[in-house]
1. DSSP beta bridges in chain B, what fraction antiparallel, as a percent rounded to 5?
2. Given axes a ≥ b ≥ c from the Cα gyration tensor, I'd like to know whether region B:14-61 is rounded (a/c under 1.5), prolate (a/b larger than b/c) or oblate.
3. If you count, for each residue, the other Cβ atoms within 10 Å and average over each peptide, how do A:23-29, B:106-112 line up from highest to lowest?
4. Would you please classify the overall shape of region A:27-97 from the alpha carbon gyration tensor, given that a ≥ b ≥ c denote the square roots of the eigenvalues, rounded means a/c under 1.5, and beyond that prolate means a/b larger than b/c while oblate covers the rest?
5. Neighbouring Cβ atoms within 10 Å as the yardstick, rank A:70, A:9 fewest first.
6. Please arrange B:81, B:36, B:22 by how many other C-beta atoms lie within 10 Å of their C-beta, fewest to most.
7. Once you keep just the Cα pairs under 8 angstrom separated by 6 or more residues, what percentage relative contact order results for region A:35-116?
8. Quick check on packing: order B:91-97, A:53-59 by the mean number of other C-beta atoms within 10 Å, highest mean leading.
């Protein structure tokens, strides 16, 4: 079984400031980890994914995340926030369910606000 | 290319009515997932289809929920005798063959409101 905890349901940062969104996971098998972004009234868009190739993963729009097995974390960062980054961010873990399904287990989401 | 499409985008129904939600996955994608996004429960897995294999229905919340996938492509999620707690956004996602890292491509969702 797997689970995801996102610390902070709402994060506010100033434009140009560092963005840090926290994600901790629990998985009984080596996980695949993902960050998705959701803009209002839209579906989920993949930002980046960890699939064991490299612990530091770079994604779209300047985001990156570092997989830390010892801390069971996969925090999302961006050096400088832009107004267009305002959205809801979901961390997710995937592992084979044993029935062939790799369904995603999502965190509750973190809504990012960017203050001009 | 075309992404995952879902229809309708919005559906308002009365309690007790049946509804059908449709998902068209990306062409060539063999895996198809349904998820539900609600205020109280967040994003939850509902059901998974892979090719001609038996679906994984472990996430369906009750026997009022069912889904089928015809010809390995289009999928329909049916909710019978809808209840107010079924109000949510229903998201469909698909994955290409061999994607064991499970990158899923999501549709825009269907917002269901049960009055």
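All of the numbers you see were taken from the coordinates with simple rules; none came from a lab. These numbers come from a predicted model, not from an experiment. So basically every Cβ, Gly included, is an ideal-geometry build from the backbone, and we count neighbours across all protein chains shown.
1. Once the DSSP bridges in chain B are tallied, antiparallel ones form about 90 percent.
2. Details: a/c = 1.87, a/b = 1.58, b/c = 1.18.
Prolate shape, in that a/c is at least 1.5 and a/b is the bigger ratio.
3. Numbers: A:23-29: 15.9, B:106-112: 21.3.
The peptides rank, most packed first, as B:106-112, A:23-29.
4. Oblate is the answer for region A:27-97, as a/c is 1.5 or above yet b/c matches or exceeds a/b.
5. A:70, A:9
6. Final ranking by Cβ density, sparse to dense: B:81, B:22, B:36.
7. On the way: 132 pairs, mean separation 20.2, N = 82.
It rounds to 25 percent for region A:35-116.
8. Top to bottom by mean Cβ count within 10 Å: B:91-97, A:53-59.
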